Amino acid sequence: MSEFSIRSLVPYAGMLFLMLATGVLSLLLIYPVTEAGLGAFEDPDSIANPFVFLFIMLVFTAILLLLIKWKAQTVISAIIGICLALVIYYVVSSLLFSYVPMLPASPIGVVVAVLVVLLLWYRPEWYVINVFGILVSAGCASIFGVSLSVIPVIILLILLIVYDAISVNRTKHMLTLADGVLRQKMPIMFIVPKTRGYSYRKTGFSLQDKKEERGAYMIGMGDMIMPAILVVSAQVYAGGEGILSIAGIALPALGALVGGIAGLCLLMIPLNSGKPQPGLPYINAGAIIGFLICCAAAGSWAWIGF
């Protein structure tokens, strides 16, 4: 393989690493998140949960779109900054609560969250965004994964497949949202450079640029979070005694992780065209299929309820 070909594969390998790192870290956060009592829903088995999740996401999206239309950049930055700070706080404080109980978890969590947001605000370079993006994505995935049993998660992932396809290909409002946030260099998406010298802080990224003008690939944090939610839920609700595990990861959870990565590999084919693509139809479908295949291999069907 030529040097040019190897270099061209590096960004794709970077995206695969981001998904792998998010999935593995979300599994490692299960214990501290559970011990800290963090949860998004009271009843993890309720079928209403995925619809509540989708409704809240639609409302949040509508608010951001209005703010973009009104050019309220400061308000958008404040909202995203607060959301990021909350996730960082919960993750750091839960880790300290579980593993270093002699330290004051809440005050340290607040300090770390503020410092991270300030770093992202004043130096939004791609590697800074990606490092903390993994932490934020894994934290969200772990919190929702332990709060939702497998069936509600699968329903949620299917709903999001439909929503993502419509919002990118039909209404295109997700592209408006992504471009509006990216122009302000707000860290809610992973940035994978195509070249070594790329600087997101200096050059930025716009979906309206031509393919050859973009110095990086962009993938939403939601594309990493959603399959990882199934990975965590599978570990908690489809794993356990008698279920085959590899390196401590239950086979159904491993199947969801590998399936999501396979879906991302398939996504790279149309992604190379330079046109924005809905990621969740590929990634969520891959995670669900991988999960079901490994459930069959492990004989793990207790999560169905019979």
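The values are calculated or read from the model by the stated rules, or taken from the named source; none is laboratory data. This is a predicted model, so every value here is computed, not measured. Using ideal geometry, Cβ is built from the backbone for each residue, glycine included, and neighbour counts are taken over all protein chains shown. Ligands, DNA and RNA are excluded from the accessible area calculation, which covers all protein heavy atoms including side chains. Shrake-Rupley method; radii C 1.70, N 1.55, O 1.52, S 1.80 Å.
Remarks
- Residue list for the range 59-86, filter: of a type in the set (V, I, T) and open to solvent by less than 50 Å² (accessible area, probe 1.4 Å): T61, I68, I76, I79, I80
- Candidates A228, A178, filtered to the one that is modelled with pLDDT under 85, in a helix (DSSP H, G or I) and under 25 Å from G145 (Cβ atoms): A178
- Of all residues in the range 51-78, those satisfying the criterion of being of a type in the set (A, V, I, L, M), in contact with a helix residue (DSSP H, G or I) (Cβ under 8 Å, 6 or more places away or on another chain) and either within 12 Å of G139 (Cβ to Cβ) or at pLDDT below 90 (or both) are I68, I76.
- Residues in the range 210-225 that are in a helix (DSSP H, G or I) and closer than 17 Å to N284 by Cβ: M221, G222, D223, M224, I225.
- Residue within the range 121-144 that is open to solvent by 50 Å² or more (accessible area, probe 1.4 Å) and touching a strand residue (DSSP E or B) at 6+ places or on another chain (Cβ under 9 Å) present: yes
- Of the helices (runs of 4 or more DSSP H) lying entirely inside the range 1-96, those carrying at least 1 residues that are under 24 Å from N284 (Cβ atoms) and over 19 Å from the mean Cα position of the chain (by Cα) are 48-69.
- All of (1) within 15 Å of the chain's Cα centre (by Cα); (2) modelled with pLDDT of 85 or more; (3) open to solvent by 10 Å² or more (accessible area, probe 1.4 Å) hold for I188 with one exception: (2).
- Filtering the range 101-110 for residues that are farther than 24 Å from V33 by Cα and either part of a loop (DSSP other than H, G, I, E, B) or without any contact (Cβ under 8 Å) to a residue 40 or more places away in the chain (or both) leaves an empty set.
- From the list P50, P11, P44, P32, the one residue that fits, being open to solvent by less than 50 Å² (accessible area, probe 1.4 Å), in contact with a strand residue (DSSP E or B) (Cβ under 6 Å, 6 or more places away or on another chain) and not hydroxyl-bearing (S, T, Y), is P11.
- Among (1) in a loop (DSSP other than H, G, I, E, B); (2) touching a Ser or Thr at 6+ places or on another chain (Cβ under 8 Å), the one test that P252 misses: (1)
- Of I229, I249, all but one fail to be open to solvent by 20 Å² or more (accessible area, probe 1.4 Å) and touching a residue at least 60 places away in the same chain (Cβ under 8 Å); the exception is I249.
- Scanning the range 266-281 for residues that are open to solvent by 50 Å² or more (accessible area, probe 1.4 Å) and either of a type in the set (D, E) or farther than 19 Å from D179 by Cα (or both) gives L266, I269.
- Matching residues in the range 119-149 - criterion: being more than 21 Å from S94 (Cα to Cα) and in a helix (DSSP H, G or I): L119, L120, W121, Y122, W126, Y127, V128, I129, N130
- Count - residues of the range 282-306 that are farther than 19 Å from L18 by Cβ and buried (at least 24 other Cβ atoms within 10 Å of the Cβ): 3
- Residue match in the range 255-278 (condition: within 21 Å of F144 (Cβ to Cβ) and either at pLDDT below 95 or of a type in the set (K, R) (or both)): yes
Yes/no per residue for (1) aliphatic (A, V, I, L, M); (2) farther than 22 Å from Y200 by Cα; (3) out of contact with any strand residue (DSSP E or B) (no Cβ under 9 Å at 6 or more places or on another chain):
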site	(1), (2), (3)
I79	yes, no, yes
L86	yes, yes, yes
V100	yes, yes, yes
L103	yes, yes, yes
G109	no, yes, yes
V117	yes, no, yes
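- Filter pass, G242 being modelled with pLDDT under 95, open to solvent by 60 Å² or more (accessible area, probe 1.4 Å), not in a helix (DSSP H, G or I) and not basic (K, R): yes
- Flag if Y89 is over 30 Å from V162 (Cβ atoms), surrounded by fewer than 12 Cβ atoms within 10 Å (Cβ to Cβ) and among the aromatic types (F, W, Y): no
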